[in-house]
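**Student:** Just dropping this structure here.
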Amino acid sequence: MMHWIILPIVLPAIVAPIIVLATRRDIELARVFSLASTAALLALAIALMALASEGRIETYAVGNWPAPFGIALVLDRLSALMLVLTAALALAVLLYASNGWDTRGRHFHALYQFQLMGINGAFLTGDFFNLFVFFEVLLIASYGLMVHGGGAKRVRAGVQYVIINLVGSSLFLIAVGLIYSVTGTLNMADLAVRVPEVVAGDRALLHTGALLLLLVFAVKAALVPMHFWLPGTYANAPAPVAALFAIMTKVGTYCIIRLYTLAFGEGAGASAWLAAPWLMPAALVTLTLGMLGVLAAERLRQMVSFAVIGSIGTVLIAVALFTPQAMSAALYYLVHSTLTAGALFLIADLVAERRPGYGDLITVAPRFAQIGLVGALFFLGAIAMAGMPPLSGFVGKLLILDSARDVLGRTLIWSVILTTSLLAIIGFARCGSTLFWKSAALAGAIEIAPPRRAALPVVAAGSLIAGTILLTVFAGPVTRYLDDTAAQLFAPTGYIDAVLGAERGNE
Amino acid sequence: MEFLVASAVGLLTAAGVFLLLRARTFPVVLGLTLLSYAINVFLFSMGRLAVNLPPVINDLNKGYTDPLPQALVLTAIVISFGMTAVIVVMALRAYLESGSDHVDAMPERRSGGKDGQ
């Protein structure tokens with residue numbers, strides 16, 4: 001048994017209390033611990049990814065209780081990919097936050113580490129109830145991060161965010177209870193074995209539970225009609241936290257992919273592809289509404305929030321096709337949209353910090369410091385987000401369009417994706433020209449006191465943009481890995497044998 | 001007994017959902033609490049209802065009651081208890097900072113109408 005698998009959960013869980021207890025009076029020390037832990041997480045995640053890319057599925061039985069009786073952690077290509085993505089985003093965002101955001105409230109770094117622990121746990125666990133617990137861990141940390149710094153508007157948005165997630169958690173428990181009552185298991189691999197064996201009379205209950213779970217994951221992923229919480233939350237959260245939250249919607253997406261390929265995939269008998277008929281229309285509407293929101297937004301942060309909703313729609317359109325090719329495209333777009341959304345939230349904050357009095361309102365203001373540099377970063381991010389060549393958004397959308405070539409309803413899917421891309425281009429172009437170009441028409445400039453480490457935030461935002469560029473340049477190797485990932489997802493017997501195999505062998 | 005438990009869960013859920021949809025934070029918190037009670041009872045009954053049976057399998061007893069949902073309920077109770085505390089504190093903070101306990105903000109936009117709806 002490989003003990004490395006549990007380290008992405010244990011490491012932040014150990015570092016967070018150290019930060020609370022030992023470094024609470026010394027913010028520099030807290031930064032060092034937090035950055036070191038996150039950098040170690042990134043190295044660890046890359047090592048685990050190298051391990052997973054060989055194709056073996058590693059499992060870890062917590063407390064050495066064999067599955068399905070104990071909790072199993074499972075590392076496959078998809079989990080490893082999500083771990084790397086989380087750690088990479090988290091490191092860049094933490095660099096950004098370490099330049100002053102973390103001093104506007106208390107315990108930022110500790111909450112941040114707990115947040116990472118929850119996210120990593122959700123990606124690694126192979127057990128539904130354990131997934132619920134990790135959801136709670138990441139949500140509790142996110143409640144704290146969400147209201148970091150305080151302020152009436154932020155706290156009010158935080159209350160709404162907590163309420164919607166508490167309702168989501170309640171639904172999660174109902175769904176888990178229903179599934180357990182029918183199948184008698186909470187282990188995902190064991191569930192996949194038992195779903196085809198469920199008697200016809202109980203199948204309606206099982207489907208109710210499974211679709212309730214879809215609803216819960218849709219709340220996390222901000223799928224229409226459960227998207228109302230996202231713009232308010234992301235636009236009012238502290239900027240680095242909003243950037244980190246770019247991965248949170250992907251936790252919901254990951255869970256949808258995991259559950260509905262593993263337990264309700266091809267081998268599920270009468271329950272095969274349970275989610276597909278619900279997911280596709282919802283995803284199409286999500287994409288449309290998200291990009292319409294980009295057009296209508298008054299603030300930059302709000303606009304990026306709607307772009308996040310739109311990108312979730314794009315990812316889930318490809319997921320809802322449930323073919324290996326489309327899944328690979330969906331994962332590529334998922335990675336791309338996470339990095340781009342994180343970068344754009346940071347850039348929005350760079351703009352807001354340099355325009356006191358105007359903030360991130362999309363209005364004409366006099367020139368501000370580093371307008372050229374920030375503008376260039378914004379345009380790179382906007383090009384990537386809107387899906388224009390040459391950046392990764394274009395490659396991702398191309399892959400998705402290509403994978404939808406032979407399916408029913410192709411015309412609808414293609415026209416929705418292409419029309420919304422146009423909406424996004426118009427929205428981002430309008431915003432960018434208002435913020436960066438029209439200011440030249442106004443006389444004067446906004447003077448602010450130069451920040452302490454002026455280069456650091458720009459480097460942090462730039463590194464995420466660099467990530468999307470790397471994703472474009474190395475699209476070949478990345479898609480090869482993702483093709484393998486999709487192939488692994490669509491052959492769930494490998495996963496099931498890896499989790500339950502050891503236990504079967506011991507008997 | 002099944003009827004009693006089922007109707008109790010239904011009643012708690014209905015009351016919880018009704019309160020959740022109110023405009024002020026206090027009824028919403030109460031609604032969340034009622035909903036979590038409903039879910040605890042619901043989860044508990046998912047292991048099937050059994051009276052006077054031990055949660056272990058042995059030769060002395062004819063049947064057993066499923067211990068797993070009971071463990072789940074314990075976890076769920078702890079989490080929902082903690083979450084209720086968090087939401088109360090945040091609601092209080094929102095009220096103190098903005099002077100209004102409306103969940104959706106902007107009560108100044110309301111023109112007449114029944115307050116708190």
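**Student:** Residues in segment A:430-442: is at least one in contact with a strand residue (DSSP E or B) (Cβ under 7 Å, 6 or more places away or on another chain) and not in a helix (DSSP H, G or I)?
**Tutor:** No, that holds for no residue.
**Student:** Do we have any residue at all in segment A:80-99 that's closer than 13 Å to A:Met2 by Cβ and in a helix (DSSP H, G or I)?
**Tutor:** The first filter runs over segment A:80-99 and keeps only residues closer than 13 Å to A:Met2 by Cβ, leaving A:80.
Next cut, in a helix (DSSP H, G or I) only: A:80.
Yes: segment A:80-99 contains one or more residues that are closer than 13 Å to A:Met2 by Cβ and in a helix (DSSP H, G or I).
**Student:** Could you tell me how many of the residues in segment A:139-157 are more than 10 Å from chain B (Cβ to nearest Cβ), open to solvent by 10 Å² or more (accessible area, probe 1.4 Å) and part of a helix (DSSP H, G or I)?
**Tutor:** Within segment A:139-157, the first condition is being more than 10 Å from chain B (Cβ to nearest Cβ), and the residues that meet it are A:141-142, A:145, A:148-149.
Next, only the ones that are open to solvent by 10 Å² or more (accessible area, probe 1.4 Å) stay: A:149.
Retained after the next criterion (residues that are part of a helix (DSSP H, G or I)): none.
Residues in segment A:139-157 being more than 10 Å from chain B (Cβ to nearest Cβ), open to solvent by 10 Å² or more (accessible area, probe 1.4 Å) and part of a helix (DSSP H, G or I): 0 in total.
**Student:** Regarding segment A:35-57, can at least one residue be identified that is assigned to a helix (DSSP H, G or I) and among the basic types (Lys, Arg)? Give the derivation first.
**Tutor:** If we filter segment A:35-57 for residues that are assigned to a helix (DSSP H, G or I), which is where we start, we get A:35-52.
Now narrow it down to the ones that are among the basic types (Lys, Arg): none.
Within segment A:35-57 (the criterion being assigned to a helix (DSSP H, G or I) and among the basic types (Lys, Arg)), the answer is no, since none of the residues qualifies.
This table checks each residue for (1) of a type outside the set (D, E, K, R); (2) under 22 Å from A:Tyr254 (Cα atoms); (3) surrounded by 14 or more Cβ atoms within 10 Å (Cβ to Cβ); (4) in contact with a helix residue (DSSP H, G or I) (Cβ under 7 Å, 6 or more places away or on another chain).
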position	(1), (2), (3), (4)
A:Phe33	yes, no, yes, yes
A:Leu48	yes, yes, yes, yes
A:Ala61	yes, yes, yes, no
A:Gly70	yes, no, yes, yes
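**Student:** Restricting to segment B:60-79, what's the tally of residues that are at the interface with chain A (Cβ under 8 Å from one of its Cβ atoms) and of a type in the set (Ser, Thr, Tyr)? Break it down into steps so the answer makes sense when it comes.
**Tutor:** Within segment B:60-79, the first condition is being at the interface with chain A (Cβ under 8 Å from one of its Cβ atoms), and the residues that meet it are B:68-69, B:72, B:75-76, B:79.
So of that shortlist, the ones also of a type in the set (Ser, Thr, Tyr) come out as B:75.
Qualifying residue count for the region: 1.
**Student:** Looking at segment A:10-29, can you tell me whether even one residue there is farther than 23 Å from A:Leu489 by Cβ, touching an Asp or Glu at 6+ places or on another chain (Cβ under 8 Å) and surrounded by fewer than 20 Cβ atoms within 10 Å (Cβ to Cβ)?
**Tutor:** So in segment A:10-29, the residues farther than 23 Å from A:Leu489 by Cβ come out as A:10-29.
With the extra rule that they be touching an Asp or Glu at 6+ places or on another chain (Cβ under 8 Å), the set shrinks to A:27.
Checking the rest, the ones that are also surrounded by fewer than 20 Cβ atoms within 10 Å (Cβ to Cβ) come to A:27.
Yes, segment A:10-29 contains at least one residue that is farther than 23 Å from A:Leu489 by Cβ, touching an Asp or Glu at 6+ places or on another chain (Cβ under 8 Å) and surrounded by fewer than 20 Cβ atoms within 10 Å (Cβ to Cβ).
**Student:** Select, from A:Phe172, A:Phe128, A:Phe132, the only residue that is more than 16 Å from A:Ala246 (Cα to Cα), in contact (Cβ under 8 Å) with a residue 60 or more places away in the chain and more than 7 Å from every other protein chain (Cβ to nearest Cβ). Full working, then the answer.
**Tutor:** Details: A:Phe172 fails: in contact (Cβ under 8 Å) with a residue 60 or more places away in the chain; A:Phe132 fails: in contact (Cβ under 8 Å) with a residue 60 or more places away in the chain.
After applying the criteria, what remains is A:Phe128.
**Student:** Looking for whichever is among the small types (Gly, Ala, Ser), open to solvent by less than 70 Å² (accessible area, probe 1.4 Å), facing chain A (nearest Cβ under 8 Å) and assigned to a helix (DSSP H, G or I) here; the options are B:Gly82, B:Gly47. Which one fits?
**Tutor:** On the way: B:Gly47 fails: assigned to a helix (DSSP H, G or I).
Selected residue: B:Gly82, the only one of B:Gly82, B:Gly47 that is among the small types (Gly, Ala, Ser), open to solvent by less than 70 Å² (accessible area, probe 1.4 Å), facing chain A (nearest Cβ under 8 Å) and assigned to a helix (DSSP H, G or I).
**Student:** Return the total of residues in segment B:38-58 being under 11 Å from the mean Cα position of the chain (by Cα) and closer than 14 Å to B:Gln70 by Cα.
**Tutor:** 4
**Student:** Can you tell me which residue in segment B:85-105 is nearest to the other protein chains (Cβ to nearest Cβ), limited to those that are surrounded by fewer than 17 Cβ atoms within 10 Å (Cβ to Cβ) and touching a residue at least 12 places away in the same chain (Cβ under 8 Å)?
**Tutor:** The selected residue is B:Asp104.
**Student:** Residue check: is A:Val285 open to solvent by 10 Å² or more (accessible area, probe 1.4 Å) and closer than 22 Å to A:Ala386 by Cα? Walk me through how you get there before you give the answer.
**Tutor:** Working: open to solvent by 10 Å² or more (accessible area, probe 1.4 Å): yes; closer than 22 Å to A:Ala386 by Cα: yes.
Taking the combined requirement at face value, the residue satisfies it.
**Student:** Go through (1) in contact with a Phe, Trp or Tyr (Cβ under 9 Å, 6 or more places away or on another chain); (2) open to solvent by 10 Å² or more (accessible area, probe 1.4 Å) for A:Asp127 and report which single condition fails.
**Tutor:** (1)
**Student:** Where the second residue is of a type in the set (Phe, Trp, Tyr) and buried (at least 24 other Cβ atoms within 10 Å of the Cβ) and the first is outside any helix (DSSP H, G or I) and lies in segment A:230-253, which pairs have Cβ atoms under 8 Å and are six or more apart or on separate chains?
**Tutor:** Listed by first residue and then by second, the contacts come to A:Ala237/A:Phe245; A:Ala246/A:Phe345.
**Student:** Here is a further query. Suppose we filter A:Gln115, A:Gln160 for residues that are in a helix (DSSP H, G or I) and within 11 Å of chain B (Cβ to nearest Cβ); which single one remains?
**Tutor:** Details: A:Gln115 fails: within 11 Å of chain B (Cβ to nearest Cβ).
So the residue among A:Gln115, A:Gln160 that is in a helix (DSSP H, G or I) and within 11 Å of chain B (Cβ to nearest Cβ) is A:Gln160.
**Student:** Then there's this: When A:Asn99 is evaluated against the numbered criteria (1) open to solvent by less than 30 Å² (accessible area, probe 1.4 Å); (2) modelled with pLDDT under 95; (3) more than 14 Å from chain B (Cβ to nearest Cβ); (4) closer than 28 Å to A:Arg25 by Cβ, which criterion, by number, is the only one it fails?
**Tutor:** Only one criterion is unmet by A:Asn99, namely (1).
**Student:** Which of (1) over 18 Å from A:Thr288 (Cβ atoms); (2) in the same structural domain as A:Met291 (by TED's automatic domain parsing); (3) under 22 Å from the mean Cα position of the chain (by Cα); (4) touching a residue at least 60 places away in the same chain (Cβ under 8 Å) is the odd one out, the single condition A:Met385 does not satisfy?
**Tutor:** (1)
**Student:** Quick one: what pairs do we get from segment A:456-477, first residue assigned to a helix (DSSP H, G or I) and surrounded by fewer than 19 Cβ atoms within 10 Å (Cβ to Cβ), second modelled with pLDDT of 95 or more and of a type in the set (Lys, Arg), C-beta under 6 Å, 6+ apart or different chains?
**Tutor:** Sorted first by the residue in segment A:456-477, then by its partner, the list stays empty.
**Student:** Shifting gears a bit: Take the residues of segment B:52-79 that are open to solvent by 40 Å² or more (accessible area, probe 1.4 Å) and in contact (Cβ under 8 Å) with a residue 24 or more places away in the chain: which is nearest to A:Ile164 (Cα to Cα)? Spell out the reasoning first.
**Tutor:** Step one: filter segment B:52-79 for residues open to solvent by 40 Å² or more (accessible area, probe 1.4 Å), giving B:52-53, B:55-62, B:64, B:67-68, B:70-71, B:74-75, B:77-78.
Now drop any that are not in contact (Cβ under 8 Å) with a residue 24 or more places away in the chain, which leaves B:70, B:77.
Numbers: B:Gln70: 26, B:Ile77: 18 Å.
Once the filter is applied, the top-ranked residue is B:Ile77.
**Student:** If a residue must be among the polar types (S, T, N, Q), more than 11 Å from chain B (Cβ to nearest Cβ) and open to solvent by less than 40 Å² (accessible area, probe 1.4 Å), how many such residues does segment A:184-220 contain? Explain how you work it out, then say what you get.
**Tutor:** Let us first name the residues in segment A:184-220 that are among the polar types (S, T, N, Q), namely A:185, A:187, A:208.
Narrowing further to those that are more than 11 Å from chain B (Cβ to nearest Cβ): A:187, A:208.
Cutting the leftovers down to open to solvent by less than 40 Å² (accessible area, probe 1.4 Å) gives us A:187.
Here the count works out to 1.
**Student:** Only residues that are in a helix (DSSP H, G or I) and more than 9 Å from chain A (Cβ to nearest Cβ): list them for segment B:18-30, please.
**Tutor:** Matches in segment B:18-30: B:Phe18, B:Leu19, B:Phe26, B:Pro27, B:Leu30.
**Student:** So for segment A:384-395 (the condition being within 25 Å of A:Leu262 (Cβ to Cβ) and of a type outside the set (Val, Ile, Thr)), does at least one residue qualify?
**Tutor:** No, that holds for no residue.
**Student:** Can you name every residue in segment A:357-384 that is open to solvent by less than 30 Å² (accessible area, probe 1.4 Å) and touching a strand residue (DSSP E or B) at 6+ places or on another chain (Cβ under 8 Å)? Don't jump to the end; show me each part of the working.
**Tutor:** Going through segment A:357-384, the residues open to solvent by less than 30 Å² (accessible area, probe 1.4 Å) turn out to be A:359-360, A:362, A:365-366, A:368, A:371, A:374-375, A:377-378, A:381-382, A:384.
Those that are open to solvent by less than 30 Å² (accessible area, probe 1.4 Å) and touching a strand residue (DSSP E or B) at 6+ places or on another chain (Cβ under 8 Å): A:Gly359, A:Asp360, A:Ile362, A:Pro366, A:Phe368.
**Student:** Moving on. Does segment B:42-49 contain any residue that is in contact with a Gly (Cβ under 8 Å, 6 or more places away or on another chain) and modelled with pLDDT of 90 or more?
**Tutor:** Start the filter on segment B:42-49 by keeping residues that are in contact with a Gly (Cβ under 8 Å, 6 or more places away or on another chain), which leaves B:42-43, B:46.
Cutting the leftovers down to modelled with pLDDT of 90 or more gives us B:42-43.
Within segment B:42-49 (the criterion being in contact with a Gly (Cβ under 8 Å, 6 or more places away or on another chain) and modelled with pLDDT of 90 or more), the answer is yes, since at least one residue qualifies.
**Student:** Would you check if A:Tyr180 is more than 14 Å from chain B (Cβ to nearest Cβ), hydroxyl-bearing (Ser, Thr, Tyr) and within 18 Å of A:Val133 (Cα to Cα)?
**Tutor:** On the way: more than 14 Å from chain B (Cβ to nearest Cβ): no; hydroxyl-bearing (Ser, Thr, Tyr): yes; within 18 Å of A:Val133 (Cα to Cα): yes.
So A:Tyr180 fails the test.
**Student:** Being over 29 Å from A:Leu292 (Cβ atoms) and open to solvent by less than 30 Å² (accessible area, probe 1.4 Å) is the filter here, so list the residues in segment A:416-453 that pass it.
**Tutor:** Residue satisfying the conditions is A:Ile446 alone.
The values are calculated or read from the model by the stated rules, or taken from the named source; none is laboratory data. No experiment lies behind these values; they were computed from the predicted model shown. Every residue, glycine among them, receives a Cβ derived from its backbone with ideal geometry; neighbour counts consider all protein chains shown. Side chains are part of the model used for accessible areas, which takes the heavy atoms of the whole protein and leaves out ligands, DNA and RNA. Shrake-Rupley method; radii C 1.70, N 1.55, O 1.52, S 1.80 Å.
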